[in-house]
Structures are given as structure tokens and as C-alpha cells.
Amino acid sequence: MDKFFHVSDIGDLGAALEEAKQVKATPFAWKHLGQDKTIMLVFFNSSLRTRLSSQKAALNLGMNPIVLNIGQDSWKLETEMGVVMDGDKSEHLREAIPVMTSYCDLIGIRSFAGLQDRDFDYNETVLRQFVEYGGKPVISLESATVHPCQAFADLITIEEYRKKKRPKVVLTWAPHPRALPQAVPNSFAEWMNAADVDFVITHPRGYELDPAFAGDAPVEYDQMKALEGADFVYAKNWSCPGVTDPSRYGQILSKDMGWTVDARHMAVTNNAYFMHCLPVRRNMIVSDEVIDAPTSLVIPEAANRAVSAQVVMKRMLESL
Ligand code: CP
């Protein structure tokens, strides 16, 4: 495996889930794989879970993790080609990438969508430069359009908690005070479409996800109707993906607090588990009552981030 961006990169999902189970049961069994190997974890944006779970996964595999916070620990980096660098960015990715990859065997990148230029974001302009100029296996640690380590951890969690062979999984938009990228819902949709689940998406009109990720998943604009009989409720905010109106890309179209997942919403489900990738804004995305209930999976879901990361890194080490 030389890149991890999409569900297709992991291959057979049943095999990946079985491997995740083994990694979780015996996390130190592959410590020899990472001996004398280094992974560089590059963060253009803040992180708690991704930063820590990636380091933990690397350490479990015997690898040395190096974490670099761009703009804090390093020079600010220019990401656009052909610009006159007369601003506050001292170094271009074109040089910084091959320098960084000369010090490591694998590299993970966190680089959020800027939400200003849809083409720049949806072409994964930053991530693609790491592939092109780095020459080392690349993991998206949430890039402009995808967050595959999160989606894989979400699927592992659903596999662990499902009570029926084909559970109903509902991805619901929820309100947030700031404009957020679409990487988490994009990847969640992509992975749920590939999994053996009955998947439904619900959001206010205008928030339609890019079809490259949403596929043929049904969209139900009536949130309560979508949640009926759900076994898992996955809440997330995202800004306008600009599918139906590109001029509105990255905008907040709604702050309707009626979409906040609360006890009234959970009452129509099949005693559903609640999921969210975290960090979460309490009483915006989800009520205290729902996130504090025994049916909330947000902590085991976050814990599984170390498992998904370890499976991905293990496969990359095995392919070196
Ligand atoms: N879910 C997630 O990626 O969390 P962080 O942004 O804290 O890494």
C-alpha cells in the first residue's frame, strides 16, 4: 500500500476489519516491522486524536514518529504553484516535501480544505504534491476532501457494536457556528457505501455531498423521517459542498438548531448508538443528554483511531 486516501486503497473491507480485530487484540505483535523506520506526521492544522493515535500506532509498530507543525515548528509553507512569494510564506512545498521525505519512510499529512476555491480543494492540491514530490507512502490525516483514518475507525466501531447483520446507519448534518470542511462526511459516506449497511444521509437542502463520495446513497431531507429505525446515528456539520451551486462553496447555509441531535431525535431510532468523530460542540451538534448516554460511542470510536492507523501503517511497512 503506497497511499491511503480512499476506501478503495484498503481493498477487501472484510479482510481489513479482520486485520483490525487482530491489531486491537495484539497491538505489539508487529513491532519488528517498524524497527529503524520513521514516520513523519505533518500538521498544517490542529489535531488531538489524529496526532496522538498516529503516534501511538507508529510506536506500537516499533516505528519512530516525528511530528511537524507547519508554521509553528517550521517555516510557513507556500502551497500554490507559480506565485510570487513576497508574503509571509518563506518556503515552498516543492522544496519542503522532498526534504521532509528524505528523513522518513512513511509520511502522514493533515491539510484541511481552505473552503475558498473548490477546485483547489477538490483536486487535493496539497496532498497530490506530497505524492508527486515525496516519493514515499502517503497517509491522509484529513486532507481537503477526505479523512480515511476516521472513516475506517468509524467502520471498525460499527462492526464492534452492530446487533444485526445489516444495520441502518444515518449520517445527519447538524448545526455549527463556523464553516467546516466536508472531509469527514465525504469519507464516511464513501466507506458506508462500500460496507454492508443500510445507509441514509439527511441534511437541509443545499448541503448535498459530492456524488464522488455520496454515490447512490439515499438523501432524506426530513431528518426525523431519516432517523426512524436507525441503529447508528452519525452526526456531523459540514459547510456547503457547492455541488448544486458552486458559488456557495464553503458557506454556512443553515444554523437551524432543530437539527441538533437530542432525545427527541433519538426516540424515533431503534435505540441507536450515537457517533461523532470529535471534537464536538455540545448542545450545537448533540445535546448533553445524548452524548452522555450509555449509547454514545464517541470514546470507543476515538480509541479505534489508533487501530485504524495501525492497520494502515502496518500494511505500508509490509509493502516497503
Ligand atoms: N477526529 C479527528 O480527526 O480529531 P482531531 O481533529 O482532534 O485529530
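The values are calculated or read from the model by the stated rules, or taken from the named source; none is laboratory data. Note that this is a predicted model, so its numbers are computed, not measured. Here Cβ is always computed from backbone atoms with ideal geometry, including for glycine, and neighbour counts include all displayed protein chains. Heads up: the accessible areas ignore ligands, DNA and RNA and are worked out on the full protein's heavy atoms, side chains in. Shrake-Rupley method; radii C 1.70, N 1.55, O 1.52, S 1.80 Å.
Considering the stretch 56-94, the residues that are among the β-branched types (Val, Ile, Thr) and buried (at least 18 other Cβ atoms within 10 Å of the Cβ) include one that is nearest to the chain's Cα centre (by Cα), namely Ile70.
Screening Leu155, Leu180, Leu171, Leu141 for residues that are outside the structural domain of Ile252 (by TED's automatic domain parsing) and either under 11 Å from the mean Cα position of the chain (by Cα) or within 16 Å of the ligand (Cβ to nearest atom) (or both) leaves exactly one candidate, Leu141. Out of all the residues in the stretch 271-301, which are over 23 Å from Arg205 (Cβ atoms) and open to solvent by 80 Å² or more (accessible area, probe 1.4 Å)? Selection gives Asn271, Pro279, Arg282, Glu289, Asp292, Pro294, Ile299. Here is the figure for the stretch 264-294: residues that are at positive phi and of a type in the set (A, V, I, L, M, F, W, C) total 1. Those residues that are open to solvent by 50 Å² or more (accessible area, probe 1.4 Å) and under 30 Å from Glu124 (Cα atoms), I need them from the stretch 19-43; list them, please. Answer for the stretch 19-43, where residues must be open to solvent by 50 Å² or more (accessible area, probe 1.4 Å) and under 30 Å from Glu124 (Cα atoms): just Lys37.
Only one of the numbered conditions (1) touching a residue at least 40 places away in the same chain (Cβ under 8 Å); (2) open to solvent by 40 Å² or more (accessible area, probe 1.4 Å); (3) not polar (S, T, N, Q) is not met by Ala306, and that is (2).
Is it the case that the stretch 175-185 has a residue that's among the small types (Gly, Ala, Ser), on the phi < 0 side of the Ramachandran plot, part of a loop (DSSP other than H, G, I, E, B) and surrounded by fewer than 18 Cβ atoms within 10 Å (Cβ to Cβ)? There is at least one residue in the stretch 175-185 that is among the small types (Gly, Ala, Ser), on the phi < 0 side of the Ramachandran plot, part of a loop (DSSP other than H, G, I, E, B) and surrounded by fewer than 18 Cβ atoms within 10 Å (Cβ to Cβ). On inspection, Lys136 qualifies as part of a loop (DSSP other than H, G, I, E, B), touching a residue at least 24 places away in the same chain (Cβ under 8 Å) and surrounded by 18 or more Cβ atoms within 10 Å (Cβ to Cβ). Among the residues of the stretch 192-234, those that are crowded, with 21+ Cβ neighbours inside 10 Å and over 14 Å from Pro167 (Cβ atoms) comprise Ile201, Thr202, His203, Tyr207, Leu209, Phe213, Ala214, Ala226.
For the stretch 118-129, name all the residues that are without any contact (Cβ under 8 Å) to a residue 60 or more places away in the chain and either under 20 Å from Thr244 (Cα atoms) or in contact with a Ser or Thr (Cβ under 8 Å, 6 or more places away or on another chain) (or both). Residues satisfying the conditions are Asp119, Phe120, Asn123, Thr125, Gln129.
Can Gly242 be described as in contact with a helix residue (DSSP H, G or I) (Cβ under 7 Å, 6 or more places away or on another chain), farther than 14 Å from Trp173 by Cα and without any contact (Cβ under 8 Å) to a residue 60 or more places away in the chain? The answer is no for Gly242.
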